[in-house]
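Below: the structure, in C-alpha cells.
The values are calculated or read from the model by the stated rules, or taken from the named source; none is laboratory data. Owing to the predicted nature of the structure, the values given are computational and were not obtained by experimental measurement. Cβ atoms come from the backbone with ideal geometry, glycine included; neighbour counts cover every protein chain shown. Keep in mind that these areas ignore ligands, DNA and RNA; they rest on the heavy atoms of the full protein, side chains included. Shrake-Rupley method; radii C 1.70, N 1.55, O 1.52, S 1.80 Å.
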Amino acid sequence: MRIPEQKIEEIRSSANIVDIISGYVQLKKRGKNFIGLCPFHQEKTPSFTVSDDKQIYHCFGCGNGGNVFKFLMEFKNISFVEAVEEVADYLGIKIQYDKEVYNERQSELEEYYEINLLAARFFSDCLLKSNEGEEAREYLKRREIKPSTQRIFGLGYAPYSWNNFLLHARENKIDLNKAKTLGLIDINDKGEYYDKFRQRVIFPIFSPNGRVIAFGGRTLENRDDVAKYLNSPESPIYSKRKSLYGLFQSKDEIRKLDRAILVEGYLDLISLYQAGVKNVVASSGTSLTEEQVQLLSRFTKNIVILFDADPAGQKASLRSIEILLKQNFDVKVITLPQGEDPDSFINKFGKEKFDEFLYSAQNFIEYQTAQFEKQGMFEDPTLTAQAIRELVRSLSLLEDELKRSILLKSISKKFGLREKLIETELNTFLDQQKQRTQAGKNVASKNVKLTPDLSAINLIVSENNFEKEIVRLLYSGNEEIVGHIIDRIAPELFSNPKLKKLAEIAYDGFNEHKFSPAYLIDKIQDEELRNFIFKLTLVDETISKKWDELSYNGKIEKDSLEYTVATVTNFLVNQIENQIKRNNQIIAESKDERLHLELLKQNKELQEEKKSLLNQIQKR
Ligand SMILES: [Zn+2]
C-alpha cells in the first residue's frame, strides 16, 4: 500500500524530530542542537546529534543519520511505511490510502500541463487565424518557415495586448495563480493580471514525450528595451537544465541515425528539420548542461556540434564539448563559414551541401586546435605550450583509453612533439583527477572518528569556502534564503563537483517548493555526500574564517537573509577575482599585444561588475 507523497510530507513537517527521538534517547541541549549517546553504536561521549531547526539527526561516531522516518526505521527495524504510520499515529493524523488522494500530486501536474496546452492552442490560433497574426505570418514567411513546419513545431503568436490570453484563460476558468507560476501571466503593482507574452512569435517547448512544458517567445518589436527572447521560468513541469528543444520531434531520427546535431537557436533547428536534416536538437543559446547531455544519451552517444562562427558561439561550443566528453560522447564540431548560421546556410545551400559539410566535421581536438590557431596562440612559444596543455586536458576527460591514445598520437604529429612528452602531461592531468575523486572518498572513511572532523570537509572544498557556505545555506530550510541563492547563482557556477551535485538537489527540490533539509536529505543517494551535508549543517562552528573577516565582524546571524546576501555577493566577487587573476597570468606569460588589450578590456569590465555588486550590498 502506498501513502500519497503529499501526505508523507505533511506528516514529516508536522512531527518534531526532537520530541520523537526523546522518547527513545536521552537528549541534552548543546548550542542549537541536541546531543545524546548514540543508540546505534557503543559510546561513552555523546556524538549523536539532533537538530531542531533542520529536523534531522546524525551520529558523528558511526555515521547513521537522516530524518524522523529514518530514525524509526533504524531504531525499531521497521519499514518506511510503518515508520510513517507510527509518526502519523503519534500526531493523530489519519492516513487515507484511497486512489484519489494518491494521485493528488499527479493531478496537480496535470493541471499545469492542461494550462500550457490551452495556451499553446490559443497562440497557434492567433498565428493561423487572427488578423493580428499577419505580422507573425509575414515574419515566418521571410524566414522561409513553411506552414506545415510551423504546425509540426506548434508555433504560435502572442498578439500585442495586455490581456488577450488573460481573457481567454478567464473564459476557460483556469487557475490564474497556476498560469502565473507557468509564466504566462504576471501581476502588476495594482494587483491586476497581465499577459507576459506580447507581440511575440511563440515556440512551444515540448517534453520528450510531447507535452508542452514551456514557451519561448521572440519579439517582433524593433525596440532596444524589449528583450529579443522571453522564456518561461522554471516551474513544476519545466526545468531548463533538463530539457532540449526539438528532441520530441527529432528523437526517432536521432535514434535511427545514431547521431544528433546540436544547434543553438529555435530557428536553426526548425530550418534544418524542414530541409530534411531531422536529427537535430537545440540548446537554446546557452552551453549544454549535464542533465541535457544525460537526456540525449538515451538516444545516441554521437554528436556533431554546429554553432555560429561568432565568438559567443565558439565559447558555448567549447564548454559544451567538455560536458559531452565527460559523459563519453563522441564529439565532432563543424564551423560554418563566417557570417553564416545554420538557418541561413541551409536556406542558401540546401541539404546536399550541408551533408558534405557534415562529412567534414572535425573531431574536438582538431576543432580546439583550429580555435587556438585563430587566436594566434601558436605564434608565441609560451602560448603554444598553454594551448597544447589545454588540448591534453580535454583529452584527459575521455574515459575511453583507446580513443585517448589515438588522439594523443594526432596531437603529437600535429605539433611535432614526442609522444612520450604528451603522455607525461596527460598522466599529470589524470593523476589530478584521481586525487580529486580520492579526496572525496577520504571524507567517507573518516566517519569512524568520534568528533566531527572539519579538516575532512575542508579537504574536498578547501579552494572555495564561499561555495561550501552557499551549499550550507541551501540546506538551511529557509525559503527566502534558498530562493535568494537560486535567483542569483546558476548551478553551473559551482566548481566543486560534489558541491554542485548537492546544489542541484536543492535547486530541484525548490522547483517543487520543497526546501526542508529533512526532505532533501532523502534525495541524496550518495552516502558520502549525505554525511557531508550532515556535517555541514549540524556542526556549529565557524567554517569559513575567511568569510568572517570579510563579513560584518561576525555580528550577523549566520542563517539570516542578510548573511546570505553578503555570502552570495562574496561568492560572485570571488568568481570575478579569480577570472581577473587568470587573465593577469595569461597577460604575464604572453607577448601577444592584441590578446593583452582584449584581456585588459575584459578585466576592466570585470572590475566594473565587481564594483556594482559591492555597491548593491552596501545600499542594503
Ligand atoms: Zn552512532
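Given the residues Asp258, Asp224, which is the only one that is of a type in the set (Asp, Glu) and at pLDDT 90 or above? Lay out the reasoning, then the answer.
Working: Asp224 fails: at pLDDT 90 or above.
After applying the criteria, what remains is Asp258.
Quickly run through region 55-70 and pick out the residues that are open to solvent by less than 10 Å² (accessible area, probe 1.4 Å) and either within 12 Å of the ligand (Cβ to nearest atom) or of a type in the set (Lys, Arg) (or both).
Here is the first cut: in region 55-70, the residues open to solvent by less than 10 Å² (accessible area, probe 1.4 Å) are 56-59, 61, 65-69.
Result: Tyr57, His58, Cys59, Gly61, Gly65.
Find the residue count for region 1-40, including only residues that are part of a loop (DSSP other than H, G, I, E, B) and modelled with pLDDT of 90 or more.
As a first pass, look at region 1-40 and keep what is part of a loop (DSSP other than H, G, I, E, B): 1-4, 15-16, 23-27, 31-32, 37-40.
Filter once more, keeping what is modelled with pLDDT of 90 or more: 15-16, 23-27, 37-40.
Here the count works out to 11.
Against the condition modelled with pLDDT under 85, touching a helix residue (DSSP H, G or I) at 6+ places or on another chain (Cβ under 6 Å) and either within 19 Å of Thr49 (Cβ to Cβ) or of a type in the set (D, E, K, R) (or both), how does Val443 come out, does it pass?
Values: modelled with pLDDT under 85: yes; touching a helix residue (DSSP H, G or I) at 6+ places or on another chain (Cβ under 6 Å): yes; either within 19 Å of Thr49 (Cβ to Cβ) or of a type in the set (D, E, K, R) (or both): yes.
When the stated conditions are applied, Val443 passes them.
Any idea which of (1) open to solvent by 40 Å² or more (accessible area, probe 1.4 Å); (2) out of contact with any Pro (no Cβ under 9 Å at 6 or more places or on another chain) is the one Leu220 doesn't satisfy?
(1)
Gly265: open to solvent by less than 30 Å² (accessible area, probe 1.4 Å) and at pLDDT below 90, yes or no?
Details: open to solvent by less than 30 Å² (accessible area, probe 1.4 Å): yes; at pLDDT below 90: yes.
Yes; evaluated as a whole, the condition is true for this residue.
Restricting the search to region 239-250, which residues are closer than 17 Å to Phe153 by Cβ and not in a helix (DSSP H, G or I)? I'd like the intermediate steps shown before the answer.
At the first step, the residues of region 239-250 found to be closer than 17 Å to Phe153 by Cβ are 243-250.
Within region 239-250, Ser243, Leu244, Tyr245, Gly246 meet the criteria.
In region 18-42, which residues are within 16 Å of the ligand (Cβ to nearest atom), touching a residue at least 40 places away in the same chain (Cβ under 8 Å) and either of a type in the set (Val, Ile, Thr) or exposed (fewer than 14 other Cβ atoms within 10 Å of the Cβ) (or both)?
Ile21, Tyr24
Report, by residue number, each residue of region 539-558 that is crowded, with 17+ Cβ neighbours inside 10 Å and either closer than 26 Å to Gln616 by Cβ or modelled with pLDDT of 85 or more (or both).
To start, the set of residues in region 539-558 that are crowded, with 17+ Cβ neighbours inside 10 Å comprises 539, 543-544, 547, 551, 558.
If the condition is that a residue be crowded, with 17+ Cβ neighbours inside 10 Å and either closer than 26 Å to Gln616 by Cβ or modelled with pLDDT of 85 or more (or both), then Ile543, Ser544, Trp547, Ser551, Lys558 are the ones that fit.
Quick check, is Lys498 farther than 22 Å from Gln575 by Cβ and at pLDDT below 90? Don't jump to the end; show me each part of the working.
Numbers: farther than 22 Å from Gln575 by Cβ: no; at pLDDT below 90: yes.
When the stated conditions are applied, Lys498 does not pass them.
State all residues of region 73-95 that are under 22 Å from Asn33 (Cα atoms) and either away from the ligand (no atom under 16 Å from the Cβ) or outside the structural domain of Asn16 (by TED's automatic domain parsing) (or both); if no residue qualifies, say none.
Val87
Which one of Glu291, Glu253, Glu221 is charged (D, E, K, R), closer than 21 Å to Ile334 by Cα and not in a strand (DSSP E or B)? Show your work before the answer.
On the way: Glu291 fails: closer than 21 Å to Ile334 by Cα; Glu221 fails: closer than 21 Å to Ile334 by Cα.
Of Glu291, Glu253, Glu221, the one residue that is charged (D, E, K, R), closer than 21 Å to Ile334 by Cα and not in a strand (DSSP E or B) is Glu253.
Yes/no per residue for (1) on the phi > 0 side of the Ramachandran plot; (2) not acidic (Asp, Glu):
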{"site": "Leu230", "(1), (2)": "no, yes"}
{"site": "Glu234", "(1), (2)": "no, no"}
{"site": "Arg255", "(1), (2)": "no, yes"}
{"site": "Ile270", "(1), (2)": "no, yes"}
{"site": "Gly276", "(1), (2)": "yes, yes"}
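So Thr45 ticks every box in (1) away from the ligand (no atom under 13 Å from the Cβ); (2) open to solvent by 10 Å² or more (accessible area, probe 1.4 Å) but one. Which box is left unticked?
(1)
Test of understanding: among Arg137, Arg121, which residue is among the basic types (Lys, Arg), more than 19 Å from Ala214 (Cα to Cα), more than 16 Å from the ligand (Cβ to nearest atom) and in a helix (DSSP H, G or I)?
Values: Arg121 fails: more than 19 Å from Ala214 (Cα to Cα).
None of the others qualify; the one that does is Arg137.
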